[in-house]
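What follows is a single structure, written as structure tokens, with notes after it.
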Amino acid sequence: MREVISIHVGQGGIQVGNACWELFCLEHGIQPDGQMPSDKTIGGGDDAFNTFFSETGAGKHVPRCVFLDLEPTVIDEVRTGTYRQLFHPEQLISGKEDAANNFARG
């Protein structure tokens, strides 16, 4: 089986990544908390979502991704958004302050 790991960096990457994971969940019938409804799991036979999601022992589907930014504001939007329960906290990495367009600081 193939597995895809997505890395979303910076404000734009995080915002696009958040929208993509929302779409992946809608396409594969995964709820915002990572659970799959019981009517989808029984006899569904389509496990293509395992390419993008890993399943925990509790049956929760967690995206194979990392969100990374120096400034915490955008990642905080993911932490408090509709899909906040979908992501593991270790996948959301942020610094304390941004580089303020000074590329030597980043």
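Each residue in Asp98, Asp39, Asp76, Asp69 was given a count of other beta-carbon atoms within 10 angstrom of its own, and listing them fewest first yields Asp39, Asp76, Asp98, Asp69. Once the Cα atoms are used to define both axes, helix 10-28 deviates from the longest principal axis of the chain by about 10 degrees. About its Cα centre, what dipole magnitude does the chain give when the only charges are +1 on Lys and Arg Cβ and -1 on Asp and Glu Cβ, stated in debye to the nearest 20? Rounded to the nearest 20 debye, it is 140 debye. The residues packed around Pro32, meaning those with a beta-carbon under 12 Å from its beta-carbon, carry a net charge of 0 if Lys and Arg are +1 and Asp and Glu are -1.
From helices alone, the chain scores -9000 deg cm²/dmol at 222 nm; the rule is -39500 (n - 2.57) for each run of n ≥ 4 DSSP H residues, then divide by the residue total. This ranking places Thr80, Thr73 by how few other beta-carbon atoms lie within 10 Å of each, fewest first, which gives Thr80, Thr73.
For His61, His28, His88, the sequence from fewest to most other C-beta atoms within 10 Å is His88, His28, His61.
A short reminder: the numbers here are calculations on the coordinates, not readings from a lab. Only a predicted model underlies this, so the values are computations on that prediction, with no experimental measurement involved. Here Cβ is always computed from backbone atoms with ideal geometry, including for glycine, and neighbour counts include all displayed protein chains.
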